[in-house]
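Notes follow once the structure below has been shown.
The values are calculated or read from the model by the stated rules, or taken from the named source; none is laboratory data. In this text, all values refer to a predicted model and were calculated from it rather than measured experimentally. Quick reminder, even Gly has a Cβ in these numbers, built from the backbone with ideal geometry, and neighbours come from all protein chains shown. These area figures cover heavy atoms from the full protein model, side chains too; ligands, DNA and RNA do not enter into them. Shrake-Rupley method; radii C 1.70, N 1.55, O 1.52, S 1.80 Å.
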Amino acid sequence: MRLTILGATGGIGRLLVPLALDEGHQVTAFARAPEKIRQTDPQLRVLGGDLFQPEAMAAAIRGSDAVLSAFGPTTLRRTHLRRDFGRTIVQAMRLAGVSRFIHVSTAFLFGEGGLVFAVMSKTLFRNVTEDHRESEQEMTQPDLAWTILRPPRLLDGRPTGHPRVVAGHLPKGGFAISRADVAAFMLQEAVAPKYVRQVVGLSN
Ligand SMILES: NC(=O)c1ccc[n+]([C@@H]2O[C@H](COP(=O)([O-])OP(=O)(O)OC[C@H]3O[C@@H](n4cnc5c(N)ncnc54)[C@H](OP(=O)(O)O)[C@@H]3O)[C@@H](O)[C@H]2O)c1
């Protein structure tokens, strides 16, 4: 497949690029800091550009079968970057005539996970959660084939290879998942779509 990866320089994205190449896919990584991507491969195209600029993003994703996004700012302050990114990706997909995308959001939006999740999503992660909510609202357009993944806490380390996946809910008692498992699931969902226009919870 021809895949475009957004957020390719981040924790999930850095795992996703080699995983996709190993499976034989053609990969375009579109990043604001393309110099961070050291890997070279005949099947890898690295493009630098602005992830809030629809025409630039459209140029990167044109001809792709699917777009995989692990974009996300690190600030805990109030920001609209995720919302604006959501708006941009929708415009870019339409401009490029590509409809399939898979994006990483947050499990906080389920409103599940008990007291700890409820408190965290209303205190330390309140701004992040709101920005994710607005981003999802931008992204979940009826003319596009989106899948929104909502993982809980992301961990480094080895994949389990068998994360629990539940459409519309956080898996019961799920508190964490490895970035490696998220990356593998994103790729699996691109190759064999099972959750089109669905919000998906996944955890260890
Ligand atoms: N951390 C958690 O426990 C957790 C839990 C649930 C969900 N999530 C969500 O999962 C997402 C992906 O996780 P991760 O660990 O892979 O994140 P990460 O390592 O922080 O990577 C985020 C990616 O987004 C890019 N990015 C951030 N701000 C940007 C901007 N203004 N313009 C262009 N690119 C920008 C980064 O590019 P640069 O390399 O150029 O900075 C990087 O490629 C998170 O961002 C978060 O929204 C996280």
Taking the 0 to 90 degree range and rounding to the nearest ten, how far is the long axis of helix 126-139 tilted relative to the main principal axis of the chain, both from C-alpha atoms? 50 degrees
Nearest-10 value in Å² for the accessible area of Phe117, using the 1.4 Å probe: 10 Å²
Give the carbon-plus-sulfur fraction of the accessible surface of the chain in %, rounded to a whole number; probe 1.4 Å, heavy atoms of protein chains only. 52 percent
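Please figure out what share of the DSSP beta bridges in the chain is antiparallel and state it in percent, rounded to the nearest 5. Don't skip to the answer; put the middle values down first.
Details: 4 of 33 bridges.
The answer is about 10 percent antiparallel.
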Quick shape summary for the chain, equivalent ellipsoid via Cα gyration tensor, semi-axes whole Å in descending order, reads 25, 19, 16
Report Ile61's accessible area, 1.4 Å probe, all protein chains in place, as a number in Å² to the nearest 10. 0 Å²
Spin-label point model (7 Å from Cα, Cβ direction): what's the Val196 to Arg158 distance in nm? 3.6 nm
Residue-normalised accessible area of the chain, given per residue in Å² at a 1.4 Å probe: 48 Å²
Name the aspartates and glutamates eligible as straight-distance cross-link partners of Lys172: C-alpha to C-alpha under 19 Å, and not fewer than 8 places from it in the same chain. Glu112, Asp181
